[in-house]
Amino acid sequence: MGSVVQREDIKNIVKRLKDENKTIVFTNGCFDIIHIGHVRYLKETAKFGDVLIVGLNSDLSVKKLKGENRPVNPEHDRAEILSEFNFVDFVVIFDEDTPENLLDEIKPDIYTKGSDYTLSTLKEAKTVLKNGGRVEFINFVEGKSTTNIIKKIEKS
């Protein structure tokens, strides 16, 4: 089981972990309505290192990215749910559209994102690579998304 940590604390947490020679893996997302695609994605991501940190888009950030009706679940609920997975070590909420600033602070060894991105389309890849990290792409579970779940509910 992981911990939800404050943005201002994550840098010191990561420093301590790196001093212990832990491999830091980072990913991010909205994780609004948790589904099997999220679970498989996070489990696969966790296999790349010793510690998995999940950057969670804040409510403000999700609204900018997904529209006024999102998120369905508030940020603190989403963070607590993510922290309950045994393969997630830390959850940290961020307000920006992308986690570039957070990545610059954490400097993870590995950053994962869904395979719908490439190095050239992933804006934050430059930040990861500049800091000596690498980017890994994780395959999606076809048809599984929060948007699809919302559409299905709306049809009911």
- Task: Answer yes or no: is there a residue in the range 64-74 that is surrounded by 14 or more Cβ atoms within 10 Å (Cβ to Cβ) and either among the hydroxyl-bearing types (Ser, Thr, Tyr) or in contact with a His (Cβ under 6 Å, 6 or more places away or on another chain) (or both).
- Result: no
- Among residues of the range 15-37 being crowded, with 21+ Cβ neighbours inside 10 Å and among the aliphatic types (A, V, I, L, M), the residue nearest to ASN73 (Cα to Cα) is VAL25
- Task: All but one of (1) closer than 30 Å to LYS151 by Cα; (2) of a type outside the set (Lys, Arg); (3) in contact (Cβ under 8 Å) with a residue 24 or more places away in the chain; (4) not in a loop (DSSP other than H, G, I, E, B) hold for PHE87, so report the exception by its number.
- Result: (4)
- Which residue out of LEU60, LEU103, LEU82 is part of a helix (DSSP H, G or I), in contact with an Asp or Glu (Cβ under 8 Å, 6 or more places away or on another chain), surrounded by 17 or more Cβ atoms within 10 Å (Cβ to Cβ) and at pLDDT 95 or above? LEU103
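So that you can scan it fast, the table gives a plain yes or no per residue for (1) in contact (Cβ under 8 Å) with a residue 12 or more places away in the chain; (2) charged (D, E, K, R); (3) within 18 Å of ILE93 (Cα to Cα):
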| position | (1), (2), (3) |
| --- | --- |
| LEU17 | yes, no, no |
| PHE31 | yes, no, yes |
| HIS35 | yes, no, no |
| VAL39 | yes, no, no |
| VAL51 | yes, no, yes |
| ASN57 | yes, no, yes |
| LEU60 | yes, no, yes |
| GLU68 | no, yes, no |
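The values are calculated or read from the model by the stated rules, or taken from the named source; none is laboratory data. Worth saying up front: this structure is predicted, and the values here are computed from it rather than measured. Glycine also receives a Cβ, built like all others from the backbone with ideal geometry; neighbour counts cover every protein chain displayed.
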